[in-house]
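The values are calculated or read from the model by the stated rules, or taken from the named source; none is laboratory data. All of these numbers come straight from a predicted model, not from anything done at the bench. Every residue, glycine as well, gets a Cβ built from its backbone with ideal geometry; the counts of neighbours run over all protein chains shown.
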Amino acid sequence: MQKSGITHSVNAGKFHITHSTRVYLFGALAGIRKGLKFDSELLYIGAMFHDIGLTQAYRHSTDRFDGHCPPY
């Protein structure tokens with residue numbers, strides 16, 4: 001059964017939100033465990049937007065920030 005575009009978009013959105021929330025939580029826990037001081041709001045914003053290049057709106061190569069970076 002093929003998903004409709006709307007259903008797929010909603011599921012992808014939920015995946016990215018839960019993934020980014022886990023990134024924030026694990027990052028915060030790792031920082032706390034190591035005794036690091038960090039700005040929790042800045043960490044949250046970074047975690048929420050770290051995969052924005054994977055979203056439909058920004059996945060085109062001309063819009064990506066890493067398109068001109070040399071390989072490692």
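Miscellaneous remarks
- Close pairs (8 angstrom Cβ cut-off, 6 or more residues apart or separate chains): within 18 Å of His16 (Cα to Cα) in segment 32-44, assigned to a helix (DSSP H, G or I) and small (Gly, Ala, Ser) anywhere: Leu43/Gly27; Leu43/Ala28; Leu43/Gly31
- Hits in segment 1-31 (condition: at pLDDT below 55 and closer than 18 Å to Gly53 by Cβ): Ser9
- Check on His60, surrounded by fewer than 13 Cβ atoms within 10 Å (Cβ to Cβ), in a loop (DSSP other than H, G, I, E, B) and modelled with pLDDT under 70: yes
- Selection count, segment 16-47, where residues are among the charged types (D, E, K, R) and in a loop (DSSP other than H, G, I, E, B): 3
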